[in-house]
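The values are calculated or read from the model by the stated rules, or taken from the named source; none is laboratory data. Source: prediction; values computed, not measured. Counting neighbours? That spans all protein chains shown, and the Cβs are built from the backbone with ideal geometry, glycine included. Ligands, DNA and RNA are excluded from the accessible area calculation, which covers all protein heavy atoms including side chains. Shrake-Rupley method; radii C 1.70, N 1.55, O 1.52, S 1.80 Å.
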Amino acid sequence: MYTSTASTISSIKTTISPSPNPNKKETFSPFENTKRLSFSSFKSLKCIHSPPSNPKRLTSCAAFTLSPSLTTKLVPSKLPHLITEFESLSQPIDLVKRLLQYAALLAPLPDSSRVDSNRVMGCTAQVWLEVELDEYGKIMLWADSDSEITRGFCACLVLVLDGTPPEEVLNVTTEDLAALNIGLHGGARSRVNTWHNVLVSMQKRVRILVAERDRKKDFDPFSSLIVSSDGVQAKGRYAEAQIRIKANNFSSY
Amino acid sequence: MDGMALKLPSFKFLNPNISTIRSPPLLRKFSSSSSSLPVSASGTTLREAGPASNSVSLGQLTRPDFPILHQTINNGSKLVYLDNAATSQKPISVLKALQDYYESYNSNVHRGIHYLSAKATEKYELAREKVAAFINAEESREIVFTRNATEAINLVAYSWGFTNLKSGDEVVLTIAEHHSAIVPWQFVAQKTGAVLKFVDLNEDEVADVVQLKEMISSKTKLVVVHHISNTLASSLPIQDIVHWAHAVEAKVLVDACQSVPHMPVDVRDLDADFLVASSHKMCGPTGVGFLYGKSDILSTMPPFLGGGEMISDVFLDHSTYAEPPSRFEAGTPAIGEVIGLGAAIDYLQGIGMQKIHDFINPLHQYINKYNNTIKSEMMGTIYSYILSIYLFLFLMQMELANYLYENLSTVNNIRIYGPKPSKGVDRAALCSFNVKNIHPTDIATFLDQQHGVAIRSGHHCAQPLHRYLGINASARASLHFYNTKEDVDYFIHALNDTVNFFDSFK
Ligand SMILES: Cc1ncc(COP(=O)(O)O)c(C=O)c1O
């Protein structure tokens, strides 16, 4: 089931370009249609990820200013759907099953990303997380775990937060996710709470990326808008951000 | 919702019809024909439980004293608590002692002359005596109360370690130590230039004492070892280790967190210089642990924390320090909890007097004889009592430990870490394990959610050991005397069901 290689996954993802259409509702129909949740309906989801090593993404930038419509609150709409979906599961075992179904959608991260610098600390299982800003300033997320149930948690977070503006990721609180706990993995404040740990870790990285982007803006007002045909240069910017993330040891999370 | 949602009937102890228990509901859900699935494993286990259930076990005798065990969780599963190595449950008498303290004599200790303070101080110091007797310390001032075992180790590291270790000195540890017995020494090593040397495991997956013996040299100043490993369930020959260490004038710190709650521990017998344990693992409250240190060593050690209680006189530029143990108990201690720990020790004695009297009768005769020769020594008498009880507990747990190991071994694709009990090795009543291709966190989650079985998953604060074993995490089931064979049977049944569930998802 998890045999897909990194390259096949990335080719799937490559076909997905960030949609300027803010109305992504139908993409997330599984949340609304929990009764008929099936693997096939999941498969149409775009946001379950590809590895970040996709070179196209780094070179195909186009000069682009965020349109107000793109900042439409995606998180506030996706999250309630997910919560409703989870709350409809009355038996704990159904939640486990649902998480395993979500886990099945999440392509494994390549070994090159399953490294200590990407580890989320404080989970009983290993969790790896990569966060980048795409060319529109939106969050790109990849997450993976060696535990299937934890992978399910990761998949949900990716589903809700991938492709959203950084501010939205930063605005999500652990309390917002509390409804998703349903008795799993300790209370909202537990050290083993996967939602909490991944979220906090993600936000920390987003803050670093945003600070990095803003710093660039200050020095060169055009750098984040100018699209270089020079892939190396673009790549360098991401690589630089990446290095910054990695240099940060995420000691607390 | 469907077959998945069905629960097993709540488990009945001593149920003569136990062998007829139906196959796990999951099997029905995930297979059109349950006969094609390996149901026999759990079926067999349950059938074998029949005769075992007929003798009244210590677990069955003591369970009524632990109200927490009698509850259903997660939509109706009966709680089966198998995470005792992480923390034990508390008997009613301990809860009562806490309530009594706060209700009738809560007051600060050693500070007031009024009635309540005097009473609190008396009970607090009485608890110290109980702990001293419990581990057969020579005097109660060899017992320092800390927040937990971790703080006790840090106390030794900061106070004894920084004073006595210098560049090039060696501290010998094993890779199986709990993080709390490793990290404080890393701090000391980083600051002093002392070197930490780690003993590996031998082929039986026990810390290699041969290697340990060879590692001890004139450079060795301290040996830090577990008495019983919280992951491997193995024990170390402390007396031998102390003997080797003392031969080169090195000190020995014993991490007795997993031994003190389960077996007789005699610090004079072991001749250890330091020994630490946590109250919460021995049926006492959280927030208390203790350090045992030989009084001649403790009295040479500088304070660990500064504050009230630990001083003799304070001047503006310096202070003189109180004698141990006060020197190491800065600030207001966890008074109620210390008293609760005293009650926990009383409870363990109580088991012996009321409930296992018959069983230990022959043992008593022996002990009475022994008592007569040392009648003048009050401590000795109390200790021999405790020893008899603990020998009993120990024997009961050995049986339960092996029962757990044997039954767990029948689960498909399981790998249990630590020594095999067959080799004349006594394992503690815990098993860390992995089932092929299923993450221990997934196992623990499913066991909890579907079956109400509480086990631990993760690295159990023993990452170097897990790394050595080539794993990131393991699952761990750990028992205490209030667990029964039925708990083990139910756990094994639930684990088989869990494995089938995840296999069906692959
Ligand atoms: C062997 C061992 N040492 C040390 C500790 C630390 O105990 P505490 O957390 O109570 O300080 C534990 C408990 O997890 C343990 O099992």
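Of the accessible area of the range B:92-349, computed with a 1.4 Å probe over protein heavy atoms only, carbon and sulfur atoms account for 51 percent.
Which trypsin sites (Lys or Arg not before Pro) in the range B:195-238 sit in a loop by DSSP (not H, G, I, E or B) and have at most 11 other Cβ atoms within 10 Å of their own Cβ? For trypsin sites (Lys or Arg not before Pro) across the range B:195-238 that sit outside H, G, I, E and B with at most 11 neighbouring Cβ atoms in 10 Å, the list is empty. Split the accessible area of the range B:387-506 by element, probe 1.4 Å, and carbon with sulfur accounts for 49%. For the chain pair A and B, the interface hides roughly 1800 square angstrom of accessible area in total, found with a 1.4 Å probe. When nucleic acids and ligands are ignored and a 1.4 Å probe is applied, B:Glu249 ends up with an accessible area of around 150 Å². Quick one: grab the alpha carbon gyration tensor of the range B:92-349, order the square roots of its eigenvalues as a ≥ b ≥ c, and give me rounded if a/c is under 1.5, else prolate or oblate depending on whether a/b is larger than b/c. Oblate. Ligands, DNA and RNA excluded, the heavy atoms of B:Val209 present near 40 Å² of accessible surface to a 1.4 Å solvent probe. Here is the link list: B:Lys123/B:Lys281; B:Lys197/B:Lys294; B:Lys191/B:Lys251. Which ones come out longer than 28 Å on Cα distance? Beyond 28 Å: nothing from the list.
Per residue, the range B:92-349 exposes 38 Å² of accessible surface when a 1.4 Å probe is rolled over the protein heavy atoms with every protein chain present. Put a dot 7 Å past the Cα of A:Ala178, heading toward its Cβ, do the same for B:Thr286, and the two dots end up 1.9 nm apart. List for the range B:437-473: residues with 40 Å² or greater reduction in accessible area, all protein chains versus chain alone, probe 1.4 Å? Checking the loss per residue gives B:His439, B:Thr441, B:Asp442, B:Thr445, B:Gln449, B:Asn472. Summing Lys and Arg as +1 and Asp and Glu as -1 over all other residues whose Cβ lies under 15 Å from the Cβ of B:Ala152 gives a net charge of -1. Ranking B:Val144, B:Asn108, B:Val94 by how far each Cα lies toward the positive end of the dipole of the range B:94-185 (charges on Cβ) leaves B:Asn108 at the top.
Between B:Asn75 and B:Ser295, the FRET efficiency from the beta-carbon distance, with R0 = 60 Å, is close to 0.65. Taking label points 7 Å from Cα along the Cα-to-Cβ direction, A:Thr84 and B:Asp313 give a separation of 7.6 nm. Close amide-amide hydrogen proximity is noted between B:Val80 and B:Val453, B:Ala454, each under 5 Å apart and 5 or more residues distant or on a separate chain (H modeled in the peptide plane; Pro and chain starts excluded). For the range A:74-218, the Cβ-based charge dipole about the Cα centre amounts to some 280 debye (Lys, Arg positive; Asp, Glu negative; other atoms uncharged).
Orientation-averaged projection of the range B:150-284 equals 7.5 nm² [convex hull of Cα atoms, one quarter of hull surface area].
Beta bridges assigned by DSSP with both partners in the range B:92-349 are antiparallel in approximately 45 percent of cases. About its Cα centre, the range B:92-349 has a charge dipole of approximately 540 debye under the convention of +1 per Lys or Arg Cβ and -1 per Asp or Glu Cβ, with nothing else charged.
Each residue of the range B:338-351 was assigned a 3J(HN,Hα) from its phi angle through the Karplus curve 6.51 cos²θ - 1.76 cosθ + 1.60 (θ = phi - 60°); the sequence is 4, 5, x, 4, x, 5, 5, 5, 4, 4, 5, 5, x, 3 Hz, with glycine and proline shown as x.
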